[in-house]
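J.: My questions all concern the structure below.
The values are calculated or read from the model by the stated rules, or taken from the named source; none is laboratory data. Note that the structure is predicted; figures quoted are calculated from it, not measured. Neighbour counts are summed over all protein chains in view; Cβ atoms, including those assigned to glycine, are modelled from backbone coordinates with ideal geometry. In case anyone asks, the SASA skips ligands and DNA or RNA and just uses the protein heavy atoms, side chains included. Shrake-Rupley method; radii C 1.70, N 1.55, O 1.52, S 1.80 Å.
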Amino acid sequence: MTELAACWPPFGLTLTTPRLALRPVLDEDIPAAVHAALSGIHEPGRSPFSTPWAETPAEELGPNMAQWYWRCRANMSPQEWTLLLGIWHEGDFLGCQDVAAKDFATLRTVSTGSWLRRDVQGRGFGREMRAAVALYAFDWLGADAAESEAATWNQQSLGVSRSLGYQLNGITRASWGGKAQEVQRVRLTPATLNRPDWQLQVQGHEPTAKYLGIQT
């Protein structure tokens, strides 16, 4: 029987850190992702996301998340792609980490975003999973830069960015959830990355890179 990764190569990708496993969310993982989001991600009424998706009514959140995972898969191409990686710790689903790019062959730049269950925040998982995708982007995909952003009030996210070596890259004003928000952009390069004292383990890279049209 043909394996799923043979049909869609990114499904074979796994990034492993000392405590975490990061891999694309399968359909069978969606209920765990929804359950994690429903358990709470942030303080009510203070969304750290440009779209306040986690505040969607419970009966709508599941369908919305499923559609988002399916849409990202369906729209992937060498010109534009988003890898949505679930985060597991000892078999427990903690959240998601994404890495995306547009015109990567020319720009060699990725953007990242993430979320964690509120009850596991403050244990270093966020820094570890963000370090994992930075290492993967630079050492495996051949990226020259990784970009991210956070609301200026979100010092927890910006603190993790600083600890990894991200540098401030300007403030912009944007509409988040229909409200004006000051947004701090940050940028990381291989030269500024504060590398962890562990090695990232990667499985399934070559078929994924080929599918994305990336030559490394």
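J.: Within region 1-39, track down each residue that is in contact with a helix residue (DSSP H, G or I) (Cβ under 9 Å, 6 or more places away or on another chain), open to solvent by 40 Å² or more (accessible area, probe 1.4 Å) and of a type in the set (S, T, N, Q).
T.: Thr16, Ser39
J.: Could you list, in sequence order, the residues of region 21-43 that are at pLDDT 90 or above and either farther than 20 Å from Ala5 by Cβ or assigned to a strand (DSSP E or B) (or both)?
T.: If the condition is that a residue be at pLDDT 90 or above and either farther than 20 Å from Ala5 by Cβ or assigned to a strand (DSSP E or B) (or both), then Ala21, Leu22, Arg23, Pro24, Pro31, Val34, His35, Ala36 are the ones that fit.
J.: Then there's this: Looking at region 158-216, which of the residues that are in contact with a strand residue (DSSP E or B) (Cβ under 9 Å, 6 or more places away or on another chain) and charged (D, E, K, R) is modelled with the lowest pLDDT?
T.: Only one residue tops the list, namely Glu182.
Results for (1) more than 21 Å from Thr16 (Cα to Cα); (2) at pLDDT below 95; (3) small (Gly, Ala, Ser), shown as yes or no for each residue.
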| position | (1), (2), (3) |
| --- | --- |
| Glu80 | yes, no, no |
| Gly86 | no, no, yes |
| Leu94 | no, no, no |
| Asp103 | yes, no, no |
| Arg118 | yes, yes, no |
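J.: In addition: Within region 1-20, how many residues turn out to be in contact (Cβ under 8 Å) with a residue 60 or more places away in the chain and either part of a loop (DSSP other than H, G, I, E, B) or of a type outside the set (A, V, I, L, M, F, W, C) (or both)?
T.: Looking only at that region, the number is 11.
J.: Let me ask something else. Kindly indicate whether Ile87 is in contact (Cβ under 8 Å) with a residue 60 or more places away in the chain, β-branched (Val, Ile, Thr) and closer than 27 Å to Thr189 by Cβ.
T.: yes
J.: When residues of region 44-102 are filtered for being of a type in the set (Gly, Ala, Ser), open to solvent by 60 Å² or more (accessible area, probe 1.4 Å), assigned to a helix (DSSP H, G or I) and farther than 25 Å from Ala146 by Cα, how many remain?
T.: Count: 1.
J.: Related question: Search region 51-78 for residues that are touching a residue at least 24 places away in the same chain (Cβ under 8 Å) and pair each with any residue that is open to solvent by 80 Å² or more (accessible area, probe 1.4 Å) and hydrophobic (A, V, I, L, M, F, W, C) when their beta-carbon atoms are under 9 Å apart and the residues are at least 6 apart or on different chains.
T.: Close Cβ pairs satisfying both conditions: Ala54/Leu38; Leu61/Leu38; Gly62/Leu38.
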